[in-house]
1. Could you check the range 238-254 and list, in sequence order, the residues that are more than 16 Å from ligand 2 (Cβ to nearest atom) and farther than 16 Å from L103 by Cα?
2. If you check every pair at least six apart or on different chains, which have Cβ atoms under 6 Å apart with a residue in the range 30-48 that is of a type in the set (D, E) first and a residue that is outside any strand (DSSP E or B) and more than 10 Å from ligand 1 (Cβ to nearest atom) second?
3. Considering every residue within the range 219-236, establish whether at least one is among the hydroxyl-bearing types (S, T, Y) and closer than 30 Å to R285 by Cα.
4. Restricting to the range 138-179, count the residues that are free of Cβ contacts under 8 Å to residues at least 60 places away in the same chain and within 16 Å of ligand 2 (Cβ to nearest atom).
5. Do you know which of the residues in the range 1-47 that are part of a strand (DSSP E or B) and hydrophobic (A, V, I, L, M, F, W, C) is nearest to ligand 1 (Cβ to nearest atom)?
6. Give the residue, chosen from L59, L49, that is surrounded by fewer than 16 Cβ atoms within 10 Å (Cβ to Cβ), more than 20 Å from M123 (Cα to Cα) and at pLDDT 95 or above.
7. Pick from L18, L40, L59, L103: which is within 21 Å of Y209 (Cα to Cα) and more than 19 Å from the chain's Cα centre (by Cα)?
8. Let me confirm something: among T117, T215, which residue is on the phi < 0 side of the Ramachandran plot and touching an Asp or Glu at 6+ places or on another chain (Cβ under 7 Å)?
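The values are calculated or read from the model by the stated rules, or taken from the named source; none is laboratory data. Just so it is clear, the model here is predicted, and its values are computed rather than measured. In this analysis, Cβ positions are derived from the backbone assuming ideal geometry, glycine residues included, and neighbour counts consider all displayed protein chains.
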Amino acid sequence: PQIRKMLSSGVCTSTIQLPGKVAVVTGANAGIGKETAKELARRGARVYLACRDVQNGELVAREIQMMTGNQQVLVRKLDLADTKSIRAFAKRFLEEEKHLHILINNAGVMMCPYSKTADGFEMHMGVNHLGHFLLTHLLLEKLEESAPSRVVNVSSLAHLLGRIHFHNLQGEKFYQSGLAYCHSKLANILFTQELARRLKASGSGVTVYSVHPGTVNSELVRHSALMRWIWWIFSFFIKTPQQGAQTSLYCALTEGLEVLSGNHFSDCHVAWVSAQARNETVARRLWDVSCDLLGIPVDWLMMAAGPKRSLKQTTQHTLPK
Ligand SMILES: NC(=O)C1=CN([C@@H]2O[C@H](COP(=O)(O)OP(=O)(O)OC[C@H]3O[C@@H](n4cnc5c(N)ncnc54)[C@H](OP(=O)(O)O)[C@@H]3O)[C@@H](O)[C@H]2O)C=CC1
Ligand SMILES: CC1=C(/C=C/C(C)=C/C=C/C(C)=C/C=O)C(C)(C)CCC1
């Protein structure tokens with residue numbers, strides 16, 4: 001019980017209710033994302049489940065509606081491994097919603113065999129970092145119009161082993177699936193910090209947080225027999241998805257957290273991050289490279305308050321074939 005308690009601490013104690021608020025949760029059909037979406041729905045928000053498998057998403061939406069009594073749980077197609085899908089999701093969302101108060105960038109893949117997204121990005125970097133980077137870019141104007149609003153990026157303690165190898169960002173020179181995951185989770189934290197810095201400088205009412213949810217019993221380990229085995233052995237000790245959702249909920253809901261924008265959280269507390277994750281030069285360069293790969297202007301944040309950004313895909317990126 002002591003080990004279990006140690007590994008499963010951190011509870012979001014906010015009692016805030018969310019009628020009239022709008023939230024988007026990526027990867028909301030399973031694991032931590034599903035529990036995060038359920039709790040936001042329970043508090044009365046209109047919640048968009050952004051899922052790559054819409055059929056499965058609809059089943060989860062029905063389940064959440066039944067459990068919470070909130071009918072405003074909607075499913076929208078989002079495949080973070082395809083920038084066309086991300087743009088289509090954003091286009092439809094911007095057309096149908098006036099507000100966005102909470103964006104939870106939760107979806108993730110871990111330890112997949114070497115593979116590439118539709119746009120040629122290495123899968124971990126493409127889905128976990130670049131996909132959410134583009135999604136946030138496309139939704140930022142709506143978040144600003146709805147301020148105070150928040151972005152939560154679900155990262156991991158695994159960022160400790162991560163490095164941003166700019167000469168091998170797509171894993172073409174060398175690739176190890178576990179490390180590729182760690183690199184992408186480091187990118188989540190660097191993105192959070194750089195976004196927070198830019199949002200503060202622009203006087204925006206949008207704040208952003210990165211999160212380690214804990215070690216959680218979920219489908220994340222599906223690609224690794226070893227990890228599935230470890231998870232199975234320790235399944236009694238590790239967090240349930242509901243416990244894993246607590247820190248994301250804490251960052252999305254806790255009043256007065258705005259001053260801590262850019263910080264990393266674990267077990268509902270500010271948490272230490274590696275030296276790599278505090279390197280502003282790397283964060284700035286990763287921002288620029290991400291924009292270049294996605295074909296979006298590096299100063300998109302400054303432009304958010306200005307003329308409407310185009311949702312059309314551009315082709316400036318400089319990926320190796
Ligand atoms: N579990 C853990 O111990 C830890 C988890 N995390 C992080 O928590 C987050 C949630 O993971 P967890 O709930 O554990 O894992 P799950 O595998 O249970 O959930 C991951 C979710 O991401 C979705 N997803 C994967 N690829 C894509 C894609 N291309 N487009 C859209 N959605 C996609 C999955 O959809 P589908 O069901 O269709 O595959 C699923 O809904 C991840 O970011 C992970 O890195 C961090 C630290 C530890
Ligand atoms: C050895 C060991 C464990 C293994 C932990 C591992 C392997 C954690 C990996 C975390 C990851 C991959 C997070 C994802 O982002 C447990 C289960 C805590 C139980 C105590 C002993």
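1. Passing the criteria: only Q242.
2. E35/Q242; E39/L249
3. Looking only at the range 219-236, we keep the residues that are among the hydroxyl-bearing types (S, T, Y), and these are 224, 235.
Now drop any that are not closer than 30 Å to R285 by Cα, which leaves none.
No: zero hits.
4. The total comes to 6.
5. Result: V25.
6. Details: L49 fails: surrounded by fewer than 16 Cβ atoms within 10 Å (Cβ to Cβ).
The conditions single out L59.
7. From the options L18, L40, L59, L103, the qualifying one is L18.
8. Numbers: T215 fails: touching an Asp or Glu at 6+ places or on another chain (Cβ under 7 Å).
When all the criteria are applied, what remains is T117.
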